Amino acid sequence: MKATRTWKYGMASCCALALLAPSAIAQETTPEAVALRLDPVTVTATKREEDIKDVPVSITSLDAGDLGAFSQAGEDIQFLTARVPSLIIETSFGRIFPRPYIRGLGNTDFDFNASQPVSFIYDEIVYENPVLKGFPVFDTERVEVLRGPQGTLFGRNTPAGALKFESVKPGDELDAYLRASYGTFGTTNVEGAVGGPVSDKVSLRVSGVFQRRDDYIESGLATGGADAGGYEDFAWRAQAKVDVTENLTWLGNLHGRTLDGGQVSFQANAFQAGQSGPRPGFDREKNFADGQINSELETDALGFTSRADWDLSGVTLTYLFGYETVETFSRGDVDGGSIARTNVTGSGVPGDFFFPFGAGNDGFSGPGFIPFAAESADGIDDHQQITHELRLSNGEDAALRWTAGLYAFDEEIDISSYSYDTLAGGVENGSAFQTQETESFAVFGSVAYDLTDKLTGQVGLRYTDETKDLVANRFETPTPFLGSVDRLGPLSASVGDEQLSWDGSLTYAVDADTNVYGRIARGFRAPSIQGRILFGDVVTTADSEILDSYEAGVKTTMLDGRLDANVAVYAYTVEDLQLTAIGGAGNFNQLLNAEEGKGYGFEADVRALLSENLAFSAGLSYNNTEIDDAGLTAGVCGSPCTVRDPIDLVTGGALIDGNPFPQAPEWIGNFALDYTRDWRGGEIFASSDWSYRSDSNIFLYESTEFTAEGRWEGGAAIGYRKGPWSGKAFVRNLTDEIGTVSAIDFNNLTGIFNQPRIYGIELGWAL
């Protein structure tokens, strides 16, 4: 055994097994064992490189190894769900529009101008639009999950936290890699990169990923159906680093994405009235959507980032420019089933009435009762986001460390929405359009000072001024029963606010290996507008939500560097909590402000070297959330669901006071094991990772059927590497667990589900 051996095993973080790690390691205390050490984890949560132990924020960092294991079956950004304490990501759009939740706080809004309280930051550029947030993860050095308000340094829509993605940058030495895998349903994943110097001043790096899958969800209709689930997704990145002078460095990043397919397959009556979880006999790989033949998802994104760093004798001036644009169109059969039609008048479309078991189509209606067909589409016709950031910061070794800057954000977006008459062959019968512009300006600063050789204080402040304007028009509304055309608009709304975000913390070094910290912070989500009037007659707005957070934690390294452990406890209150009432009997999508929201809980993660050959990591979180507004109601299901909340006799809505936030499981846990052993001049390796999430509400109201049930989900891999070559077999969703991701509640008991079991092989090469 070598004198020292370090592991870069990330914090792919769960559960009670974490408690066993210290005792398991303590059994081996030989000098050789002590020589094993974990590599330190470096993060940029404060916009400067620091050891994760020194940052007074609850953070989990995932490295390239973790990310490659989780996403090896062609999965999108949702692979991070439950892989990190307190983090859930779901969607009703498939491979675009992820909806993230940290510590239970997120947004279920499905419209393309939705604001979210969790920010995605790619190479220091905030991606505001939810479609941009679905950019594939590839050639990534690490992902940092920052929990709690991050408004001081990262902006106004981070009261719940932020996900920071750091791509591999051009380096001073030539390096390259290529990985290709093939698995179930024709799942293909090819990822590669090459980079290095082209002169003494210029380095380049080009990387990309191609993912595809065949349609694996078969149509159960005798005629008129179509298979679903397939996609082709290509993303790329080209970077250049130029040492302009000895003191000035420039980094350019051009990137893009083209996606065809991968939309959600809606499954009609996937639940049984009065019961939770998928109904008996439910088949995730079969649908009966008669409008599936018209379904599509196309997305094109392009962006450019420019960063310049100028060293001014101990002070660094940084300028960041970002430009992002995306276009997308998503059309789906939202009712998820088939409905036969009988023309009782014989006069054509205006007199048509729908009967669940009438003749027409192929004579099939179902599965289960479907009162009417629902086929709709949404698109981003035009979009651009421009950001500027100018900041100054001093050296990282100074006793007084400071950062100060200016930030400007401008976004323009045109959104279209359509409905279709499925039974008339998918003819458009409704359309509406929105135009929204957002402008935001901020001044920010942060100061950290070593009060003593053991105690460090840090304070930050950010002033933000934001305005948002929306205009919406409806040119016709889907009323095939009446044969009428209903025009509405223009309707307009404007919102704006000025807010201060701030934070303060103290970090105490108990010894060289252990820090304890306390942090208080205020963050806010800017005011929002919802102008989805295709099925409604009003534009709704929501005031800024203000979150005050209190957090304390311990970060420690033990057993001579073989174990890292982090524990944090927190509590927060949200004033004017922004909520989105979606679906319901009217199929609305409207904004609400609850008087207050509350949350508290803890996060813990650990990584450890159990032996020279075996590494372990685990994480666990508990998140308790509650809506606090005695008179607040939300519309309930139009489908036959079992509502457990009291019903307000005036509005007919459910009284949701005391309910947990939607998509907020109380328990999230995960663990991973990684084994390696030298063999015949190479290395055998094996790994397995598992995650757990408990039950959670899908909507604001509580119902028996619309619950994302608790589940375990895991994967495994085994392989061999020698020199630059490697090969492995893998499986994701090993137990083929069926898990509810989301649902549609205005028509029938429609469900959206996780990916099935995927197994395959991967070959890799690295320079």
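Just checking, how many residues over the stretch 612-660 are among the hydroxyl-bearing types (Ser, Thr, Tyr) and open to solvent by less than 20 Å² (accessible area, probe 1.4 Å)? Steps first, answer last, please.
Step one: list which residues in the stretch 612-660 are among the hydroxyl-bearing types (Ser, Thr, Tyr), which gives 617, 621-622, 625, 633, 639, 642, 651.
From the residues that got through so far, the ones that are open to solvent by less than 20 Å² (accessible area, probe 1.4 Å) too are 617, 621, 625, 639.
The total comes to 4.
Restricting to the stretch 514-539, what's the tally of residues that are under 30 Å from Tyr418 (Cα atoms) and either small (Gly, Ala, Ser) or open to solvent by 20 Å² or more (accessible area, probe 1.4 Å) (or both)? Break it down into steps so the answer makes sense when it comes.
Within the stretch 514-539, the subset under 30 Å from Tyr418 (Cα atoms) is 525-539.
Now narrow it down to the ones that are either small (Gly, Ala, Ser) or open to solvent by 20 Å² or more (accessible area, probe 1.4 Å) (or both): 526, 528, 531-532, 535-539.
The qualifying residues number 9.
Can Gly195 be described as touching a Leu at 6+ places or on another chain (Cβ under 7 Å), buried (at least 18 other Cβ atoms within 10 Å of the Cβ) and over 17 Å from Val137 (Cα atoms)?
Here the answer is yes, as Gly195 does meet what is asked.
With respect to Asp378, determine if the residue is acidic (Asp, Glu) and farther than 27 Å from Asp311 by Cα.
Spelling it out, Asp378 is indeed acidic (Asp, Glu) and farther than 27 Å from Asp311 by Cα.
Which one of the conditions (1) open to solvent by less than 50 Å² (accessible area, probe 1.4 Å); (2) in a strand (DSSP E or B); (3) in contact with a Ser or Thr (Cβ under 8 Å, 6 or more places away or on another chain) does Asn473 fail to meet, given that it meets all the rest?
Looking at each condition in turn, Asn473 falls short on (3).
Looking at the stretch 668-683, is at least one residue under 19 Å from Arg83 (Cβ atoms), in a loop (DSSP other than H, G, I, E, B), touching a Phe, Trp or Tyr at 6+ places or on another chain (Cβ under 6 Å) and at pLDDT 95 or above?
The answer is no, given that none of the residues of the stretch 668-683 is under 19 Å from Arg83 (Cβ atoms), in a loop (DSSP other than H, G, I, E, B), touching a Phe, Trp or Tyr at 6+ places or on another chain (Cβ under 6 Å) and at pLDDT 95 or above.
Mind checking which residues of the stretch 200-229 are of a type in the set (Gly, Ala, Ser) and touching a strand residue (DSSP E or B) at 6+ places or on another chain (Cβ under 6 Å)?
Once the filter is applied, which keeps residues that are of a type in the set (Gly, Ala, Ser) and touching a strand residue (DSSP E or B) at 6+ places or on another chain (Cβ under 6 Å), the stretch 200-229 yields Ser203, Ser207, Gly208, Gly220, Gly225, Ala226, Ala228, Gly229.
Taking the stated definitions as given, is Glu466 open to solvent by less than 20 Å² (accessible area, probe 1.4 Å), among the acidic types (Asp, Glu) and over 30 Å from Asn294 (Cβ atoms)?
Judged against the criteria, Glu466 is a match.
Any chance the stretch 716-724 includes a residue that's surrounded by fewer than 18 Cβ atoms within 10 Å (Cβ to Cβ) and assigned to a loop (DSSP other than H, G, I, E, B)?
First, pick out the residues of the stretch 716-724 that are surrounded by fewer than 18 Cβ atoms within 10 Å (Cβ to Cβ): 716, 718, 720-724.
Now restrict to residues that are assigned to a loop (DSSP other than H, G, I, E, B): 723-724.
Among the residues of the stretch 716-724, at least one is surrounded by fewer than 18 Cβ atoms within 10 Å (Cβ to Cβ) and assigned to a loop (DSSP other than H, G, I, E, B), which makes the answer yes.
If the Cβ limit is 6 Å and pairs must be 6+ apart or interchain, which residue in the stretch 174-186 that is over 11 Å from Ile761 (Cβ atoms) and among the hydrophobic types (A, V, I, L, M, F, W, C) pairs with which residue that is open to solvent by 40 Å² or more (accessible area, probe 1.4 Å) and assigned to a strand (DSSP E or B)?
Between residues of the stretch 174-186 that are over 11 Å from Ile761 (Cβ atoms) and among the hydrophobic types (A, V, I, L, M, F, W, C) and residues that are open to solvent by 40 Å² or more (accessible area, probe 1.4 Å) and assigned to a strand (DSSP E or B), the close pairs are Ala176/Val194; Leu178/Trp765.
So in the stretch 62-93, with the set limited to residues that are open to solvent by 10 Å² or more (accessible area, probe 1.4 Å) and either in a strand (DSSP E or B) or small (Gly, Ala, Ser) (or both), which one is nearest to Ser549 (Cα to Cα)?
Asp63
Asp410 passes all but one of (1) surrounded by 15 or more Cβ atoms within 10 Å (Cβ to Cβ); (2) among the acidic types (Asp, Glu); (3) closer than 17 Å to Tyr127 by Cα; which number fails?
For Asp410, the failing item is (1).
Out of Gly155, Gly148, I need the residue that is surrounded by 17 or more Cβ atoms within 10 Å (Cβ to Cβ), modelled with pLDDT of 95 or more and either under 30 Å from Gly599 (Cα atoms) or polar (S, T, N, Q) (or both). Which one?
After applying the criteria, what remains is Gly148.
Going by the structure shown, is Thr456 at pLDDT 95 or above and more than 30 Å from Pro159 (Cβ to Cβ)?
In short, no.
Quick one: which of Val569, Val554, Val574 is of a type in the set (Val, Ile, Thr), at pLDDT 95 or above and within 19 Å of Leu38 (Cβ to Cβ)?
Every option except Val554 fails the conditions.
The values are calculated or read from the model by the stated rules, or taken from the named source; none is laboratory data. For clarity, every value in this text was computed on a predicted model and none was experimentally measured. Cβ coordinates were reconstructed from backbone atoms using ideal geometry, including for glycine residues, and neighbour counts include every protein chain displayed. Note: areas computed on protein heavy atoms with side chains; ligands, DNA, RNA excluded. Shrake-Rupley method; radii C 1.70, N 1.55, O 1.52, S 1.80 Å.
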